[in-house]
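Derivation of every value follows stated rules applied to the coordinates shown; laboratory data play no part. Values in this document were obtained by computation on a predicted structure and should not be read as measured data. Note that each Cβ is placed from the backbone with ideal geometry, even for glycine, and that neighbours are counted across all protein chains shown.
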Amino acid sequence: MQTQALSEQLSPFVPWTSEDRSPLAEDASASNSPSILVDLLRDPAAITERLLDPRRLQALVLGSAGIIAGGTSFFAAAATIARGKEAWWGSAALTSLNVLMALAASLGPIYATGILLAARVPLARLVAALLAAAATGSLLLAGLAAPLYLMTRLSAEWAGPIMLTASFLLAGGAAGARIHRLLSLMAEHITRQSQGASATRLSEGDAFRVGILARISWMMLAFTLALGFWAFNALG
């Protein structure tokens with residue numbers, strides 16, 4: 001009779017030596033890495049390093065959440081003022097809330113997909129990656145605030161709404177592309193860490209599972225964030 005219990009297939013996002021769940025020892029040396037804002041605007045590899053460092057994971061979560069709130073609020077305020085409304089704070093609050101709800105809506109399907117594919121991402125890292133990706137989209141929204149203001153002042157019936165919708169579509173696409181890249185980089189980094197420097201690429205099976213998870217993440221996050229412009233309907 002077989003006595004060995006079936007175990008979960010190891011995820012590409014979990015190191016081979018991760019059976020020991022004890023807390024990681026913290027290094028007392030100070031980090032001289034750039035700010036989160038700089039890393040978000042740089043290559044995604046800089047964010048991946050933060051995701052894989054337990055000492056900087058909390059700072060990444062808090063910093064990304066602050067950037068999301070600031071970027072989306074600024075964009076919403078510009079759109080509301082351009083339409084001649086004074087109560088811009090209501091639209092700003094609703095837009096930030098919609099983005100956070102979009103993240104919550106996409107988290108469940110992405111995490112469940114990872115479990116089904118045996119490519120489970122640790123929940124803390126997945127949440128941080130989603131926030132970092134949404135922060136990238138929020139920075140894009142903040143940059144589009146000025147064009148939106150000009151287009152709305154030019155034509156509040158056509159150009160403004162079209163620019164508003166296009167802005168959220170672009171922000172959602174950018175955030176989806178960023179989460180796709182972050183998941184791929186995390187899996188590749190864990191593979192090199194677990195199997196040595198000789199394992200420069202994922203195996204065929206791991207690449208297939210990670211690819212599906214990354215594409216599902218791209219689709220879910222881009223779709224939910226692109227619906228953020230619904231917040232403006234609450235104010236007529």
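Kindly write out, for the range 40-48 in residue order, the coupling ³J(HN,Hα) from the Karplus curve 6.51 cos²θ - 1.76 cosθ + 1.60 (θ = phi - 60°), rounded to whole Hz, with x marking Gly and Pro.
Going residue by residue, I get 5, 8, 8, 5, x, 4, 5, 5, 4 Hz, with x marking Gly and Pro.
Taking 0.36 nm per residue of sequence separation and subtracting the Cα-Cα distance, how much length would be gained by fully extending the chain between Leu169 and Ser203, in nm to one decimal? Provide the component values of the computation, followed by the final result.
Working: separation 34, 0.36 × 34 = 12.24 nm, distance 3.38 nm.
Answer, rounded to one decimal: 8.9 nm.
Convert each backbone phi in the range 106-122 into a coupling constant with the Karplus relation 6.51 cos²θ - 1.76 cosθ + 1.60 (shift: θ = phi - 60°), then list the ³J(HN,Hα) values in order as whole Hz, x for Gly and Pro.
Working through the residues one at a time gives 8, 5, x, x, 5, 5, 5, 4, x, 5, 5, 8, 6, 10, 5, 8, x Hz.
Could you work out the relative contact order of the range 84-187, using alpha carbon pairs under 8 angstrom and six or more residues apart, expressed as a whole percent? List each step's numbers first, then the result.
Details: 56 pairs, mean separation 26.6, N = 104.
Rounded, it is 26 percent for the range 84-187.
Taking Cα pairs under 8 Å and at least six residues apart, what relative contact order does the range 42-235 come out at, in percent? Kindly include the intermediate steps, with their values, before the conclusion.
On the way: 259 pairs, mean separation 56.8, N = 194.
After rounding, I find 29 percent.
In nm, to one decimal, how far is the modelled label at Leu227 from the one at Asp43, with both set 7 Å along Cα→Cβ?
3.6 nm
Need one word for the range 42-235: rounded, prolate or oblate. Basis is the Cα gyration tensor (sqrt eigenvalues a ≥ b ≥ c); a/c below 1.5 gives rounded, then a/b vs b/c decides.
Details: a/c = 2.54, a/b = 2.29, b/c = 1.11.
Prolate shape, in that a/c is at least 1.5 and a/b is the bigger ratio.
Within 10 Å, count the other beta carbons around each residue, average over each peptide in 64-73, 128-137, 46-55, and list them highest first. It would help to have the intermediate numbers written out before the result.
Working: 64-73: 22.0, 128-137: 27.7, 46-55: 18.3.
Per-residue Cβ counts within 10 Å, averaged per peptide and sorted highest first, yield 128-137, 64-73, 46-55.
Can you sort Val121, Val38, Val14 by how many other beta carbons sit within 10 Å, fewest first?
Placing the least packed residue first, the sequence is Val38, Val14, Val121.
Calculate, for Leu116 and Ser194, the FRET efficiency according to 1/(1 + (r/R0)^6) with r their C-beta to C-beta distance and R0 25 Å; round to the nearest 0.05. Don't skip to the answer; put the middle values down first.
Values: r = 22 Å, r/R0 = 0.88.
So, using R0 = 25 Å, E works out to roughly 0.70.
In whole angstrom, note down how far apart the Cα centers of the range 135-156 and the range 158-228 are.
Here the answer is 24 Å between Cα centres.
For the peptides 204-215, 148-159, 174-185, what is the packing order when you average, over each peptide's residues, the other Cβ atoms within 10 Å and list the highest mean first? The partial results should precede the final answer.
Numbers: 204-215: 17.3, 148-159: 15.2, 174-185: 23.8.
Ranking, from highest mean packing down: 174-185, 204-215, 148-159.
Output wanted: per-residue J couplings in Hz (rounded whole) for the range 138-144, from phi through Karplus 6.51 cos²θ - 1.76 cosθ + 1.60, θ = phi - 60°, x for Gly and Pro.
Rounded to whole hertz, the list is 5, 5, 5, 4, 4, x, 8.
Gain in length, Leu123 to Ala159, computed as 0.36 nm per residue apart minus the alpha-carbon separation, to one decimal in nm? Don't skip to the answer; put the middle values down first.
Values: separation 36, 0.36 × 36 = 12.96 nm, distance 4.08 nm.
My answer for the length gained is 8.9 nm.
Arrange Thr95, Thr224 by Cβ neighbour counts within 10 Å, fewest through most, would you?
Numbers: Thr95 30, Thr224 23.
Fewest-to-most ranking of Thr95, Thr224: Thr224, Thr95.
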